[in-house]
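A quick write-up on the structure given underneath.
The values are calculated or read from the model by the stated rules, or taken from the named source; none is laboratory data. Keep in mind that this is a model prediction, so the values were computed, not measured. Cβ placement follows ideal geometry from the backbone for every residue including glycine, while neighbour counts extend to all protein chains displayed. Ligands, DNA and RNA are excluded from the accessible area calculation, which covers all protein heavy atoms including side chains. Shrake-Rupley method; radii C 1.70, N 1.55, O 1.52, S 1.80 Å.
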Amino acid sequence: MTKRLLYYFIIIAAGIFFFSCKERKKDEHAEYEAQQEIYTCPMHPQIIRNQPGDCPVCGMKLVKKEAGNKEVTNVGLNTLLKPTNLFVVSSIPVTTIQAGEQQIEIEALGSIAYDTKYIGTISARVKGRIEKLYVRYRYQKISKGQKIMDIYSPELMTAEENFLFLLKNDPSNTSLIDAAKQRLLLLGLTAKQVEQIIQSGMPSFTISIYSNYSGHIHEAGAGTMKNATGEMRDIASITEELPLKEGMYIQKGQTVFTVYDPDKVWALLNIYADRQSLVKEGNPVRIVPETAPEKNFRSVISFIEPFFRKESKTVTARVAFDNSTLQIPIGSQVKATIFGNSKNASWLPAESVVSLGLDKVVFMKEDGGFKAHIVETGMSYKNKIQIISGLNAKDTVAVNAQFLMDSESFIKVNE
């Protein structure tokens, strides 16, 4: 009996010694943690570091972990019983609105097109037959003063004969002679051609038509390679021969050719609606052609079209520039950086604002927790969002509003 009691006594003493050692280790570990500064991620508590830094998972700033248990004060039962869609108790980092001026840079895409201010037309001033055609294919390059065609016109022939008749039979009647000469000029003859008629004393059976423009010659009404619906035309219709042939008749006033100057072009940039207010005429812009990035250049916005294009729902900004040196092909795609107007406004980190569709919400710090609060926002730029109304400089809000959202309930906000 004595041996059994001694045995029990030894077991009880060993147990007391074991548990006391264990508790001592716990106390020593707690004391060690209290002495060490430990940092963790609010969204990923498994991330533990002994110095400040960024979370390797989400990139948020690590926050200092409080050692030991602290007594929570100023939090009553009513606060804890509030639904999560009205009030959230948390100690995540907070921030305030920052006032400052931002130089806005707006990225845009576009393409190169002919500047329509420099599009010329070659029209027939008289009715006649094409005797000789010097333009053979679409997009043929011509120069100002180059001969385009020779035509025979009975109307022009009659006007020449009347002019020569007055010179021969009534040379003193200068008023009629001047009127006849002016008629020839209005019918399309040049002053040099009129002098040749006077010197030869014979009417010219064919009259040469010259171009008043330099550029690429297009079929009348062909325009660019896109048709009215914006679809690409069949390549065969672009490369086939011109419909005008020698021996064909043209009518008075008919537009025979259009001439597009490839040295005078536009960069047409597509601006989305939320960026429209930031882009004004005269804003600097950097253009980078996708096919030749080394030919990037700077210019300014020369015109903003006052309507939205139906196919893209964007506003088009035009950048006029001289293409004689760059020689960027028409239709080339370009990237642009528009240096918009500076914005002196109030800004919050973009992750501080949650979108509820029509409303934007932040979680405002108050009474030991966070309360959903509606705000009016403006533009977003470089991970920042503009706050127009709803907050003042002293209000503090949660840095990461998404972290406080309850996925199982709707957020109720107070304006």
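Before moving on, here are some points about what is shown:
- Model label points for residue 281 and residue 196, set 7 angstrom from Cα along the Cα-to-Cβ axis, are 4.5 nm apart.
- In sequence order, calculated HN-Hα J values of region 372-382 (Karplus, 6.51, -1.76, 1.60; Hz; x Gly/Pro): 5, 9, 7, 9, 9, 10, x, 7, 10, 7, 6
- Karplus-derived HN-Hα couplings along region 300-306 (A = 6.51, B = -1.76, C = 1.60, θ = phi - 60°), whole Hz, x at Gly and Pro: 9, 5, 9, 6, 10, 5, x
- For region 84-198, the relative contact order is 20 percent, taking Cα pairs closer than 8 Å that sit 6 or more residues apart in sequence and dividing their mean separation by the residue count.
- Here the 3J(HN,Hα) profile of region 314-322, calculated from phi with Karplus coefficients 6.51, -1.76 and 1.60 at θ = phi - 60°, is 10, 8, 9, 9, 9, 10, 7, 8, 8 Hz, Gly and Pro shown as x.
- FRET efficiency, residue 305 to residue 179 (Cβ-Cβ, R0 35 Å, nearest 0.05): 0.15
- Taking amide H atoms as placed 1.01 Å from N in the peptide plane, the amide H of residue 105 lies under 5 Å from those of 340, each 5 or more residues away in sequence or on another chain.
- Sequence-distant residues sharing a close amide H with residue 140 (under 5 Å, placed H): 217
- Dipole axis of region 100-156 (+1 Lys, Arg; -1 Asp, Glu on Cβ), positive-most option in 118, 151, 140: 151
- What the Cβ-Cβ distance of residue 121 and residue 376 gives, at R0 = 56 Å and to the nearest 0.05, is a FRET efficiency of 0.60.
- Between the amide H of residue 126 and those of 253, distances stay under 5 Å, these residues lying 5 or more places away or on another chain, with hydrogens modeled in the peptide plane.
- Averaged over residues, the count of other Cβ atoms within 10 Å places the peptides 134-140, 304-310 in the sequence 134-140, 304-310, highest first.
- These residues, 175, 380, go from largest to smallest accessible area, 1.4 Å probe, as 175, 380.
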